[in-house]
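Worksheet: the structure to be examined is printed underneath.
We did not get these values from a lab; they are worked out from the coordinates using the rules stated. Since this is a predicted model, take the numbers as computed values, not measurements.
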Amino acid sequence: GINNRNLHTFDVSLETTLDLLPRIPRDRLVVTESGILNRADVELMEINEVYAFLVGEAFMRAESPGGELQRLFFPERGRPAVIGADPE
């Protein structure tokens, strides 16, 4: 996994994942960790072929964690957010 949180300053940047992607062999599963706060963040990662996420803060701050899960990853009810994935 790639931790997007700088452990010295606690700043979070999704650019950390994007900057490291070219160094990772294509046959490896990339998990982006921290900083996924909205649907646009998920889409940015998907466009860059990152499909595994560690999400914490967005769920902890949400009034309804389940609703937040749906909003982030299943924007159309029952449809996966993964680009090109078969929903069945």
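Given the Cα-Cα distance of Asn3 and Ala52 and 0.36 nm per residue of separation, how much length would full extension add, in nm?
Length gained, Asn3 through Ala52: 16.4 nm.
Over segment 22-62, what per residue volume does the convex hull of the Cα atoms give, in whole Å³? Numbers along the way, then the final one.
Details: hull volume 2.6 nm³, N = 41.
Per residue, the Cα convex hull of segment 22-62 comes to 64 Å³.
Need one number: the % of Cα-Cα pairs in the chain sitting beyond the 15 Å mark.
Cα-Cα pairs of the chain separated by over 15 Å account for 59 percent.
So what is the 222 nm mean residue ellipticity for the chain from helices alone, if each DSSP H run of at least 4 adds -39500 (n - 2.57) and you divide by all residues, rounding to the nearest 500 deg cm²/dmol?
Using -39500 (n - 2.57) per qualifying helix, the result is -8500 deg cm²/dmol.
Find how much the distance from Glu15 to Gln70 grows on full extension, using 0.36 nm per residue of separation minus their present alpha carbon separation; answer in nm with one decimal.
Working: separation 55, 0.36 × 55 = 19.80 nm, distance 2.43 nm.
Gain on extension, Glu15 to Gln70, equals 17.4 nm.
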